[in-house]
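Okay, so here's the structure we're looking at.
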Amino acid sequence: MSKIGKKNIVIPKESSIKIEGANLTITGPKGTKKLTINDKIFSTKINESEFQLRPIIPKIDKKTSIMWGTYRSLINNAVRGVSSGHEKILELSGVGFRANLKGEILNLQIGFSHDVNFKIPKDIKITVEKQTIIKINGVDKDLVSKIAADIKNFKPVEPYKAKGIKEKGQFVLRKEGKKK
């Protein structure tokens with residue numbers, strides 16, 4: 001039995017889930033998300049404010065248990081995304097490191113001889129605070145995480161002075177420099 005899959009998903013009052021065969025449409029104040037589940041293996045049930053995902057197969061093997069937990073997590077992330085949204089906060093640390101928004105392009109000055117421009121996808125909202133803090137918001141958790149990872153990849157944090165782009169709260173293991 002899947003520990004995660006057994007848990008019910010709480011649906012907020014302003015959100016709703018519509019089931020059409022194997023397709024789920026989750027709507028909320030922040031937007032809409034569509035998911036597809038395997039209806040040959042899983043059945044769905046909606047109570048007043050809870051969503052339940054259960055396997056149809058009486059004997060649950062390891063693969064079904066893994067898929068059960070994965071589908072439940074994907075649906076829960078979609079419900080949370082359309083109701084409250086997902087957010088990642090990136091911090092730029094280093095001398096002269098700064099970020100600016102120029103329309104649909106995020107302009108980064110991160111210690112190279114040139115500026116780095118990043119095109120913002122239409123489903124993502126990026127705001128820049130204090131030139132060193134970037135907030136990434138969106139409905140889709142996968143897309144928000146992917147955009148954050150792409151931006152962090154431009155200048156990963158180095159271990160000696162901890163200069164680079166990192167997530168808020170990310171621990172950087174510092175190394176000791178050269179001794180005289």
*Identity of the residue in the stretch 144-180, touching a Gly at 6+ places or on another chain (Cβ under 7 Å) and hydrophobic (A, V, I, L, M, F, W, C), that ends up nearest to residue 111 (Cα to Cα)*: 157
*With respect to the numbered conditions (1) among the charged types (D, E, K, R); (2) modelled with pLDDT under 85; (3) in contact with a helix residue (DSSP H, G or I) (Cβ under 8 Å, 6 or more places away or on another chain), which one is the sole condition not fulfilled by residue 88?*
(2)
*Taking the stretch 80-106 only, how many residues are buried (at least 17 other Cβ atoms within 10 Å of the Cβ) and under 12 Å from residue 118 (Cβ atoms)?*
3
*Which residue out of 134, 89 is in contact with a Lys or Arg (Cβ under 6 Å, 6 or more places away or on another chain) and outside any loop (DSSP other than H, G, I, E, B)?*
89
*Residues satisfying the stated conditions in the stretch 107-119, i.e. out of contact with any helix residue (DSSP H, G or I) (no Cβ under 8 Å at 6 or more places or on another chain) and either assigned to a loop (DSSP other than H, G, I, E, B) or exposed (fewer than 15 other Cβ atoms within 10 Å of the Cβ) (or both)*: 111, 112, 113, 114, 115, 117, 119
*Confirm whether residue 171 is farther than 22 Å from residue 98 by Cβ, of a type in the set (A, V, I, L, M, F, W, C) and either out of contact with any Lys or Arg (no Cβ under 6 Å at 6 or more places or on another chain) or assigned to a strand (DSSP E or B) (or both).*
yes
*asked:* When the residues of the stretch 58-71 are narrowed to those that are hydrophobic (A, V, I, L, M, F, W, C) and not in a loop (DSSP other than H, G, I, E, B), which ends up surrounded by the most Cβ atoms within 10 Å (Cβ to Cβ)?
replied: 68
*Consider residue 74 carefully, then state whether it is surrounded by 12 or more Cβ atoms within 10 Å (Cβ to Cβ) and in contact (Cβ under 8 Å) with a residue 40 or more places away in the chain.*
no
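The values are calculated or read from the model by the stated rules, or taken from the named source; none is laboratory data. In this text, all values refer to a predicted model and were calculated from it rather than measured experimentally. Positions of Cβ are generated from backbone atoms using ideal geometry, with glycine treated the same way; all protein chains shown enter the neighbour counts.
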